[in-house]
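Here's the structure we're looking at; comments come further down.
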Ligand code: TYD
């Protein structure tokens, strides 16, 4: 069986990290997150999420892509080549929604940049954990990072962007209702994975 590459996407506080880690454990997959996941990537993450930094939008898109390139080269491609499944918490679609749909860069440009970074590697399946923006704001913790400090209309654009991408690429995406408790969301996630991927 071919090693599968699964991405979890969603707005802030959607609960996708909990689900991504659980699925990675169940599949004995390599778990990664973005931005980050490598030494270089974690340094870039610190710059990118710092509420005190004013990162220019194009620099932000390039740094996200740089973190992604390092993660693919160091972690994701080697694991897939060895036949291991990979589960990532965020991937290309996060750049399309946050830097594209919400911040205003051309989505096609952001996609080209990401495909350059990944040597055209894309997930076999993307699971969108979808919750209304009001719910994500309710769930938010103290000390919001730079993206969490954006206003409600930004987060609405992120959500709409994700739903748009999922509708266009509906064979490679599954939209999961993230409003239930973690067990309920887990069962929807597992159903979607079993239906879409040929896993034991
Ligand atoms: P993180 O703490 O990982 O948030 P979450 O738990 O919601 O995943 O922070 C990552 C932030 O970076 C998140 O707000 C989305 C943003 N981001 C982008 O803007 N573009 C990207 O390409 C990626 C990977 C993340």
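The values are calculated or read from the model by the stated rules, or taken from the named source; none is laboratory data. The shown structure was predicted, so the numbers you read here are calculated from the model rather than taken from an experiment. Virtual Cβ from ideal backbone geometry, glycine too; neighbours counted across all protein chains shown.
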Exactly one of 65, 73, 29, 56 is buried (at least 18 other Cβ atoms within 10 Å of the Cβ), free of Cβ contacts under 8 Å to residues at least 60 places away in the same chain and under 19 Å from residue 114 (Cα atoms), and that residue is 65
* Asked: Is there a residue being more than 14 Å from the ligand (Cβ to nearest atom), at pLDDT below 95, closer than 27 Å to residue 71 by Cα and surrounded by 12 or more Cβ atoms within 10 Å (Cβ to Cβ) anywhere in the range 153-175?
  -> yes
Going by the structure shown, is residue 156 touching a helix residue (DSSP H, G or I) at 6+ places or on another chain (Cβ under 6 Å) and without any contact (Cβ under 8 Å) to a residue 24 or more places away in the chain?
yes
The residue from 104, 83 that alone is more than 8 Å from the ligand (Cβ to nearest atom), within 28 Å of residue 29 (Cα to Cα) and part of a loop (DSSP other than H, G, I, E, B) is 83
Picked from the range 33-53 (must be buried (at least 19 other Cβ atoms within 10 Å of the Cβ) and within 8 Å of the ligand (Cβ to nearest atom)), the residue farthest from residue 5 (Cα to Cα) is 48
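For (1) closer than 30 Å to residue 152 by Cβ; (2) touching a helix residue (DSSP H, G or I) at 6+ places or on another chain (Cβ under 9 Å), each residue gets a yes or a no:
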position: 19; (1), (2): yes, yes
position: 40; (1), (2): no, yes
position: 46; (1), (2): yes, no
position: 62; (1), (2): yes, yes
position: 74; (1), (2): no, yes
position: 90; (1), (2): yes, yes
position: 94; (1), (2): yes, yes
